1. What's the FRET efficiency of D54 with A123 using the Cβ-Cβ distance as r and R₀ = 22 Å, to the nearest 0.05?
2. Which order results if W34, W101 are arranged by neighbouring Cβ count within 10 Å, fewest first?
3. Would you mind ranking C110, C76 by Cβ crowding within 10 Å, fewest neighbours first?
4. Are there GluC sites (Glu not before Pro) in region 72-143 that DSSP puts in a loop and that have at most 16 other Cβ atoms within 10 Å, and which ones?
5. Sorted by packing (mean other beta-carbon atoms within 10 Å per residue), highest first, where do 44-52, 124-132 land?
6. Within 11 Å, Cβ to Cβ, of R75, how many net charges do the neighbouring residues add up to if Lys/Arg are +1 and Asp/Glu are -1?
Amino acid sequence: MDDPGRMALGDDVVVAEALLGAPEAAHEAADEGWVPVVHSELLPPGGVVGFDHDDRGPLVVWRSEGGRVVAMDDRCPHQWSSLRAVGVVDGEEIVCTTHFWRFGTDGAGCKQSMHGRRDEKDAVDVMATLDDGDRVWIRPAGD
């Protein structure tokens, strides 16, 4: 890739090794705890981006096929698999392909059987997100 701060890990996965700097007009948002994560164009529907936040640790940001941006802890609670590495977006959920646990845009977890039965599983913490059309922002602490 052209940006040395990113490393491609496949067609739909990009790992952001460094947070993007806030644009001049966004200082107010940054002062309110919002952190820029990735340029919007680099997170298409079905896209997954991972990065390390100083206070929260590993995080994953993904866009559902319907266009909703979701930020959550970068771990499946089943066996702590990294969702940035093994997560695949399926509709409005991200699926951990290690054991096929699924997490909705609200972080609720389940495992779906071959016949469609959904068994509730542990959830993953989610945080507030904002896509201003230029950048995707998260607010790691509070709402």
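We did not get these values from a lab; they are worked out from the coordinates using the rules stated. It should be emphasised that the depicted structure is a prediction, and the values quoted were computed from it without experimental measurement. Note: ideal-geometry Cβ built from the backbone for every residue, glycine included; neighbour counts use all protein chains shown.
1. Efficiency at R0 = 22 Å is approximately 0.40.
2. In increasing order of surrounding Cβ atoms, one gets W34, W101.
3. The order, fewest Cβ neighbours first, is C110, C76.
4. E92
5. Those peptides, ordered most packed to least, come out 44-52, 124-132.
6. Here the charged neighbours net out to -3.
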